[in-house]
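Single-structure report; data block below.
The values are calculated or read from the model by the stated rules, or taken from the named source; none is laboratory data. Remember, it's a predicted structure, so these values are computed and weren't measured experimentally. Cβ placement follows ideal geometry from the backbone for every residue including glycine, while neighbour counts extend to all protein chains displayed.
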2 protein chains.
Amino acid sequence: MKCGRCKAPAVIEVRRHNAGYCRECFLRHCGEQVKRAIEHFDMLERNDRVLVAVSGGKDSLGLWQILRELGYEADGLYLGLGIGDYSDSSGTYVREFANARGWTLHEVDLSSEYGFDIEEGSRAAKRAPCSACGLSKRHIFNEAAINNGYNALATGHNLDDEAAVLFGNVLRWETEFLGRQHPVLPAAPGFVRKVKPLIRLSEREMAAYCVLTGIDYIVEECPMAAGNRHLGYKTALNDIEERSPGSKAAFVFGFLERGHDRFMSEVDDAREELRPCTICAAPTPGDVCAFCRMRARAVGEPIGVRSTS
Amino acid sequence: MKCGRCKAPAVIEVRRHNAGYCRECFLRHCGEQVKRAIEHFDMLERNDRVLVAVSGGKDSLGLWQILRELGYEADGLYLGLGIGDYSDSSGTYVREFANARGWTLHEVDLSSEYGFDIEEGSRAAKRAPCSACGLSKRHIFNEAAINNGYNALATGHNLDDEAAVLFGNVLRWETEFLGRQHPVLPAAPGFVRKVKPLIRLSEREMAAYCVLTGIDYIVEECPMAAGNRHLGYKTALNDIEERSPGSKAAFVFGFLERGHDRFMSEVDDAREELRPCTICAAPTPGDVCAFCRMRARAVGEPIGVRSTS
């Protein structure tokens, strides 16, 4: 197979685009897809300060590099979740990546700064580990971006991730989540703008991007995620994509074009009810936000009182 | 396992309901689910004349019997599609079922009455066989119900069917199809009311219903359907249901409660543009309806002229 652009020998085929690419053209393709996503959805302005949430995996490290290559002022944020060897190892990948390039990396450690890890939070809040983790990430990423003066928080969600989340939301017709599922969530009081510039690239393309540019990333999946629903949805969608390449992209972009806006009213209604958390000031529909409630339970504090130590 | 209702030994477990049933209680359960669907969605009035489209399979024959047992005046309609041995055999099952009970069965033969079979229609209209078949069924079922003075046409679509169709429509965000996907489509000029009373029963429950009541049905799937997308969607949803029983019902009923109405505007818009087909008078957005166009191509007539022989 030859590169569809320059006719050199291809190193990768992307069936969704019915095309093969040589190394150079594939890397250009990845940059172009990110650029196109950013422009199409008005994700970033040229002089925005962007904070990239990096986990040490292929998606977030690849995203950070692509954003830098496209000329954005992008720094990294690593959140230590305290998931044993997995967290130790992922932190090492992130630090080595940032150090080798001399790029700014912010670090937050859940245990030492908030007093609990994901397993403790999960148990205390009676949430599945992935749910406790998602809640912590959303809260801390947003807080870190605001406190450090960034204009936007970028996460490495790729096309496969978005398709699987969309599938889960559609299977249960989670209308409020459907209204919130968008590659750009604009800034609002207490919320930094959130963007997903990898929405046009698949998991496989991101792995190839890292391999071809020599990015060393953590290959293992998080041990807590094994067997969760999300991975089941990915498997189901992979089978469909295998039979009909392009199905995932049609699912996600068809939703964004023809589905998403029909679910916006729920989001607007929910947003109107938000007020600052009495502990951390993050927007919440109650008095104390879900993250602060989980933290209080995990550290054994009465809810509503944060120790000042 | 014991029957959850009467404590007799159970003959079947329905994981979605987290319940086992003995023969008697299971048959009652099936009748109740149909009754509940009919009442919840206002499908039928007590004195409606109902035409049941019967294929010889478990769903349609089971449906016909349940509707009769619930006291509805329900007759059968069998459409001979000309799919070789499969059609011969399915017709025999239907006739024997109706004869043994002395129930009225209408028969339409695609080849002898319209001059083509599914394979010829499929080739002529450049549609997949399942698409040519669906088009023919929708057209002829509606025509037969109107011509014979029925108030409603009932089809044997079960929960698994509806979930798979919904999945396909959502994967491509077919907004007009989503607006039309409902267990009851009210009558409109040129359209008989269409109802799907099995929407609360799964494929497996219908098979058990037939086995337990001694209904002899055609077990083979249509040979033309092998490997089609619809079956791929069923497999994907079966995997999800296996892990989380009740997922399919949550998907379909969640859509009907919180999704469907958001897609109604497309249907209303499309309906406003309909006018009678110049050949058969069925409502169509063009001059000649899709069925008459397929028929004309299949029999080699110029489109717009129907031979009067």
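Annotation: B:GLY227 fulfils all but one of (1) at the interface with chain A (Cβ under 10 Å from one of its Cβ atoms); (2) assigned to a helix (DSSP H, G or I); (3) free of Cβ contacts under 8 Å to residues at least 12 places away in the same chain; the unmet one is (2).
Return the total of residues in region B:76-92 being at negative phi, of a type in the set (Gly, Ala, Ser), surrounded by 17 or more Cβ atoms within 10 Å (Cβ to Cβ) and in contact (Cβ under 8 Å) with a residue 24 or more places away in the chain. First the steps, then the outcome.
Of region B:76-92, the ones at negative phi are B:76-81, B:83, B:85-92.
Checking which are of a type in the set (Gly, Ala, Ser) leaves us with B:76, B:80, B:87, B:89-91.
Next, only the ones that are surrounded by 17 or more Cβ atoms within 10 Å (Cβ to Cβ) stay: B:76, B:80, B:87, B:90-91.
Those still in the list that are in contact (Cβ under 8 Å) with a residue 24 or more places away in the chain too: B:76, B:80, B:90-91.
Matching residues across region B:76-92 total 4.
Every condition in (1) in a loop (DSSP other than H, G, I, E, B); (2) away from chain A (no Cβ under 14 Å) is met by B:TYR209 except one, and the failing one is (1).
Kindly indicate which of B:PHE26, B:PHE41, B:PHE116 is of a type outside the set (D, E, K, R), at negative phi and in contact with a Pro (Cβ under 7 Å, 6 or more places away or on another chain).
Residue meeting the stated conditions: B:PHE41.
Of the residues making up region B:241-252, those that are modelled with pLDDT of 95 or more and within 7 Å of another protein chain (Cβ to nearest Cβ) are B:SER247, B:ALA250, B:PHE251.
I'd like the full set of residues that are aliphatic (A, V, I, L, M) and either farther than 23 Å from A:GLU205 by Cβ or in a loop (DSSP other than H, G, I, E, B) (or both), limited to region A:74-97. Break it down into steps so the answer makes sense when it comes.
At the first step, the residues of region A:74-97 found to be aliphatic (A, V, I, L, M) are A:74, A:77, A:79, A:81, A:83, A:94.
Matches in region A:74-97: A:LEU77, A:LEU79, A:LEU81, A:ILE83.
Could you grab me the full set of residues in region B:101-116 that are surrounded by 15 or more Cβ atoms within 10 Å (Cβ to Cβ) and of a type in the set (D, E, K, R)?
Keep residues of region B:101-116 that are surrounded by 15 or more Cβ atoms within 10 Å (Cβ to Cβ), which gives B:103, B:105-110, B:114-116.
Those that are surrounded by 15 or more Cβ atoms within 10 Å (Cβ to Cβ) and of a type in the set (D, E, K, R): B:GLU107, B:ASP109.
When only residues in region B:208-245 that are within 18 Å of B:LEU81 (Cβ to Cβ) and among the small types (Gly, Ala, Ser) count, which is surrounded by the most Cβ atoms within 10 Å (Cβ to Cβ)? It comes out as B:ALA225. Scanning region A:272-285 turns up no residue that is among the hydroxyl-bearing types (Ser, Thr, Tyr), closer than 28 Å to B:GLU257 by Cα and within 11 Å of chain B (Cβ to nearest Cβ). Among the residues of region B:150-159, are any in contact with a Gly (Cβ under 7 Å, 6 or more places away or on another chain) and among the aliphatic types (A, V, I, L, M)? No, because not a single residue in region B:150-159 is in contact with a Gly (Cβ under 7 Å, 6 or more places away or on another chain) and among the aliphatic types (A, V, I, L, M). Any residue at all in region A:253-267 that's closer than 30 Å to A:ALA10 by Cα, surrounded by fewer than 16 Cβ atoms within 10 Å (Cβ to Cβ), within 11 Å of another protein chain (Cβ to nearest Cβ) and modelled with pLDDT of 95 or more? The answer is no, given that none of the residues of region A:253-267 is closer than 30 Å to A:ALA10 by Cα, surrounded by fewer than 16 Cβ atoms within 10 Å (Cβ to Cβ), within 11 Å of another protein chain (Cβ to nearest Cβ) and modelled with pLDDT of 95 or more.
Among helices (runs of 4 or more DSSP H) entirely within region B:121-185, having at least 2 residues that are within 14 Å of chain A (Cβ to nearest Cβ) and under 19 Å from B:GLU221 (Cβ atoms) singles out B:159-171. Residues being hydroxyl-bearing (Ser, Thr, Tyr) and more than 30 Å from A:ALA298 (Cα to Cα) are entirely absent from region A:51-70.
So which residues in region B:39-60 are among the aliphatic types (A, V, I, L, M) and within 15 Å of the chain's Cα centre (by Cα), if there are any at all? Matches in region B:39-60: B:MET43, B:VAL50, B:LEU51, B:VAL52, B:ALA53, B:VAL54. Exactly one residue among A:ASN142, A:ASN158, A:ASN169, A:ASN148 is surrounded by fewer than 18 Cβ atoms within 10 Å (Cβ to Cβ) and either at pLDDT 95 or above or within 18 Å of A:CYS289 (Cα to Cα) (or both), and that residue is A:ASN148.
So for region B:61-68 (the condition being of a type in the set (Val, Ile, Thr), at pLDDT 95 or above and not in a helix (DSSP H, G or I)), does at least one residue qualify? Steps first, please.
Here is the first cut: in region B:61-68, the residues of a type in the set (Val, Ile, Thr) are B:66.
From what is left, the residues that are at pLDDT 95 or above are B:66.
With not in a helix (DSSP H, G or I) added as a condition, the list becomes none.
Within region B:61-68 (the criterion being of a type in the set (Val, Ile, Thr), at pLDDT 95 or above and not in a helix (DSSP H, G or I)), the answer is no, since none of the residues qualifies.
Could you tell me which residue of region A:212-224 is nearest to the other protein chains (Cβ to nearest Cβ), considering only residues that are at pLDDT 95 or above and in contact with a helix residue (DSSP H, G or I) (Cβ under 6 Å, 6 or more places away or on another chain)?
A:TYR217
Scanning region B:185-224 for residues that are without any contact (Cβ under 8 Å) to a residue 40 or more places away in the chain and closer than 19 Å to B:LEU44 by Cα turns up B:LEU185, B:PRO186, B:ALA187. Is one or more of the residues making up region B:271-291 on the phi < 0 side of the Ramachandran plot, crowded, with 17+ Cβ neighbours inside 10 Å and among the charged types (D, E, K, R)? Within region B:271-291 (the criterion being on the phi < 0 side of the Ramachandran plot, crowded, with 17+ Cβ neighbours inside 10 Å and among the charged types (D, E, K, R)), the answer is no, since none of the residues qualifies. Checked against (1) in a loop (DSSP other than H, G, I, E, B); (2) in contact with a strand residue (DSSP E or B) (Cβ under 8 Å, 6 or more places away or on another chain), B:GLY71 passes all but a single condition, namely (2). In this structure, A:ALA98 does satisfy being surrounded by 15 or more Cβ atoms within 10 Å (Cβ to Cβ) and more than 17 Å from the chain's Cα centre (by Cα). Here B:ILE240 clears all of (1) in contact (Cβ under 8 Å) with a residue 60 or more places away in the chain; (2) within 20 Å of B:HIS157 (Cβ to Cβ); (3) touching a Phe, Trp or Tyr at 6+ places or on another chain (Cβ under 8 Å) except the condition numbered (1).
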